[in-house]
1. Would you mention how many residues in segment 114-129 are more than 18 Å from Leu143 (Cβ to Cβ) and out of contact with any strand residue (DSSP E or B) (no Cβ under 7 Å at 6 or more places or on another chain)?
2. Please name all residue pairs, on different chains or six or more residues apart, with Cβ atoms under 6 Å, provided the first residue is in segment 247-269 and is surrounded by 14 or more Cβ atoms within 10 Å (Cβ to Cβ) and the second residue is among the small types (Gly, Ala, Ser) and at pLDDT 70 or above.
3. Where residues in segment 212-244 are outside any helix (DSSP H, G or I) and in contact (Cβ under 8 Å) with a residue 24 or more places away in the chain, which of them is farthest from Gly38 (Cα to Cα)?
4. Working only within segment 104-161, note down all residues that are farther than 29 Å from Ser43 by Cβ, of a type in the set (S, T, N, Q) and surrounded by 15 or more Cβ atoms within 10 Å (Cβ to Cβ).
5. Just to be sure I understand, how many residues within segment 47-95 are modelled with pLDDT under 85, among the small types (Gly, Ala, Ser), more than 22 Å from Leu120 (Cα to Cα) and surrounded by 13 or more Cβ atoms within 10 Å (Cβ to Cβ)?
Amino acid sequence: MFEEFVLDGEAREIIRSPRGRDWLGPWPELLNALESEGAVTVSDVRAAASGQPQRRGALLRQDMRNPSQWVEPMAYYNAVAGMAEQLLGDDPKSAKRTTWDFNPEAQFGVSGTDGKTHSLASVLNDGPHSEHEVHRSLYSRALSEATFHLREVHACLTACAALGVAPFMWAPYRKYLEHKLVRKGDARNTDKELRAGREFFEIAFPAYAPTTVRQFARLRSDRRISQLREEMRRVADSGELLDPRYPQRILQEVLRVEKRLATFRRIIGWVATAVGVVPIPGIGTAASVLAEGIGAATERKRRKPWHWFYLISDGRGAT
């Protein structure tokens, strides 16, 4: 969805040299593909995130005036992080599994004085005056965890502002980031751009989503990609993406164009053949060349509004 990316230097070294982190899968190949097209800039994200400490502190205090607003983001964080911890274990370098099922409703928590496991998101939701004694005792810990999460989010947003890029955080922070950006009311936020690209392929054209680095690289290297990006943004802004008739309408339009072109090719071919039988030296060849040129120009013109569709369907199915 984006033309260029900024990557932390330490992260780049880990991805380029996994050293046994098999669960990284195709990420080294993906990074190579992006770097080969000059789409990656390496920066010191940690340094950029450490700026404006007073402002970050003020924003954090403001966020924590109403801790209950972070219940859903915390529950989502714990679900993702809990599953990741089960997957990676104590030593991420020795983890072998690369696929796992994610359940956003999964419950992960901490042990209470009663010997049972309690979700800190539930504790945060109950508040400091919960009727459950264990929840009251764990409330300060829940506040501490929410504070830590938000501190990370503010650091990310600060770094992105300093680097002039859009935020793309580790998966567990997704709901925190969404909540912050929606509340901020930023119409140009990255999450909107990310959702547009993701939903375009998940909802409208799931069969055409790139599933390999090679397909991904082919899409990005094609100059029609800018038209595809614009179509994603357009249907996301208009709400048309969620209309189940949208992909059917697109396919009908493309088929209509192809039908017209097929008829046009038959007419041009007939004319070239008819002229070719006239016994005038050189006319037959010239007519064929002229017909081919006219046909190619006409096809380019009529297909132009749908170039993005031909891009994603190329090699993935018949149009």
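The values are calculated or read from the model by the stated rules, or taken from the named source; none is laboratory data. As the structure is a prediction and not an experimental result, all values here were calculated from the model. Here Cβ is always computed from backbone atoms with ideal geometry, including for glycine, and neighbour counts include all displayed protein chains.
1. 3
2. Pro247/Ala204
3. Going through the qualifying residues, I end up with Thr212.
4. Ser119, Ser122, Asn125, Ser130, Ser137
5. Adding up the residues that qualify gives 1.
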